[in-house]
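Below is one structure, written out as structure tokens, with a few remarks after it.
Only the coordinates and a few stated rules stand behind these numbers; no lab work does. These figures come from a predicted structure and were not determined experimentally. Note: ideal-geometry Cβ built from the backbone for every residue, glycine included; neighbour counts use all protein chains shown.
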Amino acid sequence: MTKSASQQDQIEAVTRGWVVYLHSGEATPDKIAEFESWLVSDPRHLIAYRDMEQLMGDLSLVMDADAAEPITAMRLAEQPAWWSVRRVGAGLAGVAVIAVGFILALTSMSTPPVAGGPLPAVETQIAEIRDIFLPDGTRVTLGARSRIESRFTDDLRIVRLSEGEAFFDVSHDATRPFYVEVGDKLIRVVGTQFDVRQRADSVKVSVVEGVVEVLQEDDPVRAEKHRRDVSKDVLRAGDEVTAKIGSVKREFGIVEPESAAAWRRGWLAYEDASLGEIVSDTNRYNNQQIVLESPGMEQLRVTAAFGVDNVDQFIIGLEASYNIEADYTASNQIILRTVP
């Protein structure tokens, strides 16, 4: 790919993020000011924005004409039924943006090349997904309410995921390994695709492509120097591991590579997961937070799949399958409690 073609691809990626974000109904004054600065910084930006907005508007009209119906489905443990619902797209200036089947605050940015040292920290807000391009060409898709910090040296590429979830598409460089610091674990690759999710007590790694090492170590420099002696799990495409923070305990599983990190497409999917885990993830994508009021609810085992813009359907399924009721009286909370 030529340099000019690569630049155009990057402009289109950033443009797509701005169009969706500005039509999401969640735009803030600071973000709008950032958008305006980006728009006037290069004549190509305005052209790309007009073209992308027109394209997405055309797609929404085509979907309306064809009576397309994006489906959200959910299945709970011990509950064979599936529920579906028509999603409603949000609009701006009369244009219904339904092009990708969900409305999500999605932004893209390119981190300027920095010669060594730490890069500025990047964090996302509720319902915001952002693409970050690191100086080596690595693309990081940062999930909602997540944060990363990066530092590059002559020998190592290091990213710290301190909160949330991120999908890494790492540029290959056998001479300079890529490390992800998360919890008290390290993830080592030289070029591959994988998803990392951090929770209060665990780290989950799902591999889409290539080979990933999950190390019981928290210092990349020391780990690289003594790599042969460090305890590690080697994962390949389709492998998944959940490692407990503060412990050597871990659970291994498998995942369909094409379905890993479904959150990038506005979809949350779980198989035999705890309700606490699902609620924790869901709350990163919605301003209206779910609160589990009754003791022990977080331990319920649930299998579910639903769109991040369709949490109400998930709640309906819970009420239908368990002795659970939802209380919507609070303005910014959905309180779930068990009933006799």
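At a glance:
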quantity	calculated
Under 5 Å, built H, 5+ apart or other chain: amide partners of S202	I245
Relative contact order (%) - criterion: Cα under 8 Å, at least six apart; region: segment 202-321	22 percent
Long-range amide H partners of I334 with built H, under 5 Å	Q289, I290, V291
Segment 143-183 - share of DSSP beta bridges that are antiparallel (%, nearest 5)	55 percent
Neighbour-limited loop hits for chymotrypsin sites (Phe, Trp or Tyr not before Pro), segment 256-338 (at most 16 other Cβ within 10 Å; DSSP other than H, G, I, E, B)	Y328
Whole-Hz ³J(HN,Hα) from phi, Karplus 6.51 cos²θ - 1.76 cosθ + 1.60, for segment 190-205, glycine and proline x	10, x, 5, 10, 7, 10, 10, 10, 10, 10, 4, 10, 7, 10, 10, 10
